[in-house]
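Each remark here refers to the structure printed beneath this line.
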Amino acid sequence: MTTAHPKRRLFLAAAAATALTAVLAGCSGGGAKNGNAVQITNVSYDPTRELYQAINPAFAAAWKAKTGQDVAFRMSHGGSGKQSRAIIDGLDADVATLALAYDIDAIASKGHLLGADWQKALPDNSAPYTSTIVFLVRKGNPKGIHDWGDLVKPGVQVITPNPKTSGGARWNFLAAWAYGRKAGGSDAAAEAYVRRLFAQVPVLDSGARGSTTTFVERGIGDVLLAWENEALLSQKKLGAGQFEIVNPSLSILAEPPVAVIAENAKKHGTEAVAKAYLEYLYTPEAQVAIARNFYRPRDPQVAAQFKDQFPAIQFVTIDKDFGGWGAAQKTFFDDGGVFDRITTAK
Amino acid sequence: MSRQHSTSEGRAARLGLIALALLFLGFFLVLPLLAVFSEALKQGLGAFIDAVKNPDALAAIRLTLLIAAISVPLNMVFGVAASWAITKFRFPGRNLLVTLIDLPFSVSPVVSGLIFVLLFGANGYLGPWLAAHGVKIIFAVPGIVLATVFITFPFVARELIPLMMEQGKDDEEAAISLGANGWQTFWHVTLPNIRWGLLYGVLLCNARAMGEFGAVSVVSGHIRGETNTMPLHVEILYNEYDFVGAFAVASLLAALALVTLVVKSLLEWRFDLHSGAKH
Amino acid sequence: MPTTTFRRPDWRAPSVLPGFGLTFGFTLAWLTLIVLIPLATIFLRSAGMGWHEFVAVGFSHRALAAYRLSFGTAAAAGLVNALFGLLVAWVLVRYSFPGKRVVSALVDLPFALPTAVAGIALTAIYAPTGWIGQYLEPLGIKVAFTPIGITIALVFIGLPFVVRSVEPVLADLGHDVEEAAATLGANRVQTFSQVIFPAIAPALVTGFALAFARGVGEYGSVIFISGNMPGKTEIAPLLIVTQLEQYAYAGATAIATVMMLVSFVILFGLNTWQAVRRRRLGA
């Protein structure tokens, strides 16, 4: 051993290190189809776990009855933007079920994994359910918060996540903007309103769940701007009766979209089942599961059945009032946009 | 530990220092740990056990142990080799080499994951080639191992280098001049000298390998039961309002790292017996 | 005697010890594969964006504020850790007291606890309604959502680095030098400052440097307690995440490049200082 030439030693060591790396890089199966069984990977955002836990077995049964084929699911949950980047960077998603159309647009424009017109593939902008932004306040509503105007009253602390890092927070911001524009009649008035609003925010958590924790567990703030489904869920899970939901006079219609990631599905041979899976979300059974998980169903009959849970609110929409996500992202949230302007300037 | 009073502090000073150290650790370590356990046990032991017995949690535990079992030995071998080269020889660029070994510590975990995406991702430098050959690295186990090896890269080396510097190379030179070959010198002279440092290094490396979140989160893909490690599972549970579950898995992770303490204590006890017999 | 020692590469100082080729080659190859090549992608990506844009993102007003915060709090936490880490290591090595083994094991805890859990736990303690925060609030001391909170999180994250760097060296330090010093009439303080401290100083500096470097990049535990207000409590790694959210990989790598270069210079400076010092002491 000790008589080997040092140069050869050097090479040997380098070769050993390279071999180790090669072993690390061993293959791992991503195969999707196997005889009479098929597997689909659903890459989704954070709060949908219980929803898909309810829907997946029901769809599997329906698909088995129709085709005789077994379906298995691989579920991935995470922040919507992060999940979108993972798909662009190679995560094998057959379907993406995310929080914002902007994130699926990015998969189309930067990853070229599906057509730019993906939103037309399914009914209702490819969003099988909707939600909106509401206020969660403490029991008895001690600060008397009833609408957006009350949020900028002196002494009211507002909790919302950071729109730069959280998709949910972007909905909050745009809803507030819409109110400011309607109340003041101009974009300048809207900017003045959101500037005052964000001056009342003591903490900008990086994600929606962080904000909920800050508000619920830490007891910080008087009002939490939250997705309606999150507000209903946290009321149920984190202590009924401790909090109240306040529906503002105006809010934004959030449409979390779904799409088949066409290139991946083609590669895996899962196009048919992936398409059927997403179409299944629009069936009355799935719509009931959706409503039970606190999302607003699209199906009018199911909506009527759950109308007590989802009071009517006047909505603005991203497409009509903000020119779509691409424009909104650029104007408000990209570097140098409105959000940077109102939070950095004094 | 015996000590002569000529080289020791007075009793009052000793107690004062111990109290101060414990107070500091109490505030900075024990209190956060208590917070974790109190959250985990908020709804009683039953909820805690249910959370840990969940199949997804079990899959996460298995994956975490697997990742640690692969990456820790790799870094141990590297650490020993690197500190031998650095401390037993003098060559130009030695400080540069040490600093390069430190580099992974100073890279934000967010970036540590990102670099592997930039390298192996579908739009990365090697991504298209890998995809064409059916090799999956990121969003699969190899990617998680790579990120973990990167994050824990310096631990063993960093532990050994100051220690071996301090010890110098006289012992080894004596062994060589008495006719021992390189391996014999290493096994019988160097290894016994550095065993505590090596053990600490490995324990730290292991703890960090199991607890790493940021970098792994970027390369894992978060597929339930498949590529979710324990820290990722904690985050997911937390994001699902399952606070008890999240903190239960987190406290299990802390406990798992403390298991290494038992191993360490056992080893210490054994070695103490040995060295006691020798002296 | 092995023949290797006579065919050494001529750029290194002579040594009778074998194994340089093997260990040096392996070190360099593994370092290149695991660290250098992956990190090179950061430079490649940020180089692709052009100098002007690089400066616009990497040195924006907001980025500079974030660097100041990240490097400042990491340095503060590193100093706290150097002081108390030395104390803890000293107590663990030199004294015996009930429960020492448990205390020793606890020191590793910050590595094992996922950083996000640590962040949530620390916020639970130091938030205005938290276990300790509620007593600090009336005194006008705000910890959570201020730089102090960030420093506390970084102290937590960095403590094991200092303790575990100093501990083995301290344990290895024989009693004979201290006995000699005592025999020569040195009192305890003199023995410590003139005999013990110089011996453990390199390890202490290493510990500080590692805790500092780790603190600069820390994300998971800090975002919960920092408050993330732009320009005030916004840490540099958060800016990287912000860039990624805009799918601006190049922007993210620009900030990462700046942070990495600064950390590298600081670490390299400390390592060189140590080596120079060691040579002067003739070790």
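Where a number appears in this text, it was derived from the coordinates with a stated rule and is not lab data. What you see is a predicted model, and the numbers here were worked out from it, not measured in a lab. Quick reminder, even Gly has a Cβ in these numbers, built from the backbone with ideal geometry, and neighbours come from all protein chains shown.
Points worth noting:
- Computing FRET efficiency as 1/(1 + (r/R0)^6) for B:ARG195 and C:ALA40, where r is the C-beta to C-beta distance and R0 is 41 Å, gives about 0.70.
- Taking other C-beta atoms within 10 Å as the exposure proxy, C:LEU44, C:LEU28, B:LEU204, A:LEU91 rank C:LEU44, C:LEU28, B:LEU204, A:LEU91 from fewest upward.
- The alpha-carbon of A:LYS307 sits under 15 angstrom from the alpha-carbons of these aspartates and glutamates, leaving out residues fewer than 8 places away in its chain: A:GLU228, A:ASP299.
- Residues with amide H under 5 Å from that of B:VAL107, placed H, sequence gap 5 or more: none
- Chain C, relative contact order [Cα under 8 Å, separation at least 6], %: 28 percent
- Total charge dipole magnitude, region B:124-241, about the Cα centre, Cβ charges on Lys, Arg, Asp, Glu only, Debye to nearest 20: 340 debye
- DSSP beta bridges in the protein assembly as shown [antiparallel fraction, %, rounded to 5]: 50 percent
- Summarising the amide proton neighbourhood of C:GLU234: residues at separation of 5 or more, or on other chains, whose placed amide H is nearer than 5 Å comprise C:MET229.
- Among C:PHE26, A:PHE315, A:PHE59, the ranking by other beta carbons within 10 Å of each residue's beta carbon, starting with the fewest, stands as A:PHE315, A:PHE59, C:PHE26.
- Note on A:GLN305/A:ALA65: beta-carbon distance plugged into 1/(1 + (r/R0)^6) with R0 of 30 Å gives a FRET efficiency of 0.75.
- In the protein assembly as shown, a dipole from Cβ-located charges (positive for Lys and Arg, negative for Asp and Glu) runs towards its positive end, and of B:PRO154, B:THR229, C:THR146 it is B:PRO154 whose Cα lies farthest in that direction.
- Evaluating 6.51 cos²θ - 1.76 cosθ + 1.60 at θ = phi - 60° for every residue in region B:234-244, the Karplus couplings come out as 4, 4, 5, 4, 4, 6, 9, 6, 8, 4, 4 Hz, glycine and proline recorded as x.
- Whole-Hz ³J(HN,Hα) from phi, Karplus 6.51 cos²θ - 1.76 cosθ + 1.60, for region C:45-57, glycine and proline x: 5, 6, 5, x, 9, x, 4, 4, 5, 4, 5, 4, 8
- Label-point separation in nm, A:ARG341 to A:GLN53, each point 7 Å along Cα→Cβ: 4.5 nm
- Coil-residue trypsin sites (Lys or Arg not before Pro) of region C:214-280, DSSP, other Cβ within 10 Å capped at 12: none
- Principal-axis tilt of helix A:271-280 within chain A, Cα atoms, nearest 10 degrees: 20 degrees
- Footprinting exposure proxy ranking of B:LYS136, A:LYS237, fewest other C-beta atoms within 10 angstrom first, gives A:LYS237, B:LYS136.
- Taking a straight line from the alpha carbon of A:LYS64, these lysines sit under 19 Å away, with near neighbours fewer than eight places off in the same chain left out: A:LYS33, A:LYS275.
- Residue-averaged beta-carbon neighbours from other chains (10 angstrom radius) around C:160-171: 5
- Working from Cα pairs under 8 Å separated by at least six residues, relative contact order for region C:100-230 is 37 percent.
- Computed on region A:213-346, with alpha-carbon pairs under 8 angstrom and 6+ residues apart, the relative contact order is 22 percent.
- Two-site FRET efficiency, C:LEU64 against B:ALA12, from Cβ-Cβ distance with R₀ of 51 Å, rounded to 0.05: 0.55
- Average partner coverage of B:217-229, which counts Cβ from other chains inside 10 Å: 6
- Sequence-distant residues sharing a close amide H with A:THR132 (under 5 Å, placed H): A:GLU228, A:ASN229, A:ALA254
- Most fluctuating residue given options C:GLY149, C:GLY231, C:GLY140, as computed from a GNM of chain C linking Cα atoms under 10 Å: C:GLY140
- Distance between the pseudo-spin-label points of B:LEU41 and A:LYS110 (7 Å out from Cα toward the beta carbon): 4.5 nm.
- Highest-MSF residue in chain A out of A:THR331, A:THR132, A:THR160 [GNM, Cα springs under 10 Å]: A:THR331
- ³J(HN,Hα) computed for each position of region C:203-211 - Karplus, 6.51 cos²θ - 1.76 cosθ + 1.60, integer Hz, glycine/proline x: 5, 5, 5, 4, x, 4, 4, 5, 4
- Charged-residue dipole, Cβ positions (Lys, Arg, Asp, Glu), the protein assembly as shown about Cα centre, Debye nearest 20: 1580 debye
- Positive-end extreme of charge dipole, the protein assembly as shown - chosen from A:PRO123, B:LEU41, B:VAL218 (charges on Cβ): B:VAL218
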